[in-house]
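Structure first, then comments.
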Amino acid sequence: MIFVLALMVVAAQAATHHPHSHPTHDPAHTHIPHHTHSHEHNEHGTSTFYFDAKTHHMVMRLDSKCYLMKLDDTEATQVHDAAGIVEIELAMVKLIGAANETMVAHDALAIMSAHIAHMCPNGAMQLERI
């Protein structure tokens, strides 16, 4: 009985299936995918900022890299204000890759500040404003 039922289902599908033709490929035509989802992967990055009051350096740790920026007296005051610190942080981010950068070894950071050395175990890049 099950075998007969299976044959009837197969026969019904074959009777209702309409073959369709595929157009020939035109080499001048560019294929546009029919799906709309992206194959891009999500990205994640973490940045931490620290103002060292002893040295007046702003430190940014971006994943495993560290950057230093010496603040002038106005900025050293401004850093204690919520809007001021964000302004300094944004300015520092903009300098990465655009400013002169000098490598500062971990030993030099330790002499400068134990806090900076702890935050930047691989040394840091000193950002020099142009």
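The values are calculated or read from the model by the stated rules, or taken from the named source; none is laboratory data. Predicted model, so just to flag it, every value in this text is computed and none were measured. Heads up, the Cβs are rebuilt from the backbone with ideal geometry, glycines too, and the neighbour counts pull from every protein chain shown.
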Determine whether the stretch 101-120 contains at least one residue that is touching a residue at least 24 places away in the same chain (Cβ under 8 Å) and within 19 Å of the chain's Cα centre (by Cα). no
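Where residues in the stretch 98-130 are among the charged types (D, E, K, R) and under 16 Å from LYS70 (Cα atoms), which of them is surrounded by the most Cβ atoms within 10 Å (Cβ to Cβ)? Explain how you work it out, then say what you get.
Taking the stretch 98-130 as the starting set, the residues that turn out to be among the charged types (D, E, K, R) are 101, 107, 128-129.
Checking which are under 16 Å from LYS70 (Cα atoms) leaves us with 101, 128-129.
Working: GLU101: 16, GLU128: 13, ARG129: 12.
Among those that are among the charged types (D, E, K, R) and under 16 Å from LYS70 (Cα atoms), it is GLU101.
Which members of the stretch 107-130 meet the condition of being part of a helix (DSSP H, G or I) and more than 21 Å from ALA53 (Cβ to Cβ)? Even if it seems obvious, please write down each step before you answer.
We begin by selecting, within the stretch 107-130, every residue part of a helix (DSSP H, G or I); these are 107-112, 114-119.
Hit for the stretch 107-130 is ASP107, nothing else.
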Assess whether LEU71 counts as being in contact with a strand residue (DSSP E or B) (Cβ under 7 Å, 6 or more places away or on another chain), on the phi < 0 side of the Ramachandran plot and modelled with pLDDT under 95. no
Might you let me know whether the stretch 33-51 holds any residue that is at pLDDT 85 or above and on the phi > 0 side of the Ramachandran plot? no
Looking at ARG61 and the list (1) surrounded by fewer than 16 Cβ atoms within 10 Å (Cβ to Cβ); (2) at pLDDT 95 or above, which single condition is not satisfied? (1)
State the number of residues belonging to the stretch 92-101 that are assigned to a strand (DSSP E or B) and within 21 Å of THR48 (Cβ to Cβ). 1
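Condition (residue is assigned to a helix (DSSP H, G or I) and touching a residue at least 60 places away in the same chain (Cβ under 8 Å)) applied to the stretch 72-82: is it met by at least one residue?
Pass one, the stretch 72-82, residues assigned to a helix (DSSP H, G or I): 73-78, 82.
Going one step further and asking which of them are touching a residue at least 60 places away in the same chain (Cβ under 8 Å), we end up with none.
No: the stretch 72-82 contains no residue that is assigned to a helix (DSSP H, G or I) and touching a residue at least 60 places away in the same chain (Cβ under 8 Å).
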Total residues in the stretch 77-92, condition surrounded by fewer than 18 Cβ atoms within 10 Å (Cβ to Cβ) and under 14 Å from HIS57 (Cα atoms): 6
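Would you be able to tell me the number of residues in the stretch 97-130 that are acidic (Asp, Glu) and in contact with a Phe, Trp or Tyr (Cβ under 9 Å, 6 or more places away or on another chain)? Don't jump to the end; show me each part of the working.
Pass one, the stretch 97-130, residues acidic (Asp, Glu): 101, 107, 128.
Filter once more, keeping what is in contact with a Phe, Trp or Tyr (Cβ under 9 Å, 6 or more places away or on another chain): 101.
Residues in the stretch 97-130 being acidic (Asp, Glu) and in contact with a Phe, Trp or Tyr (Cβ under 9 Å, 6 or more places away or on another chain): 1 in total.
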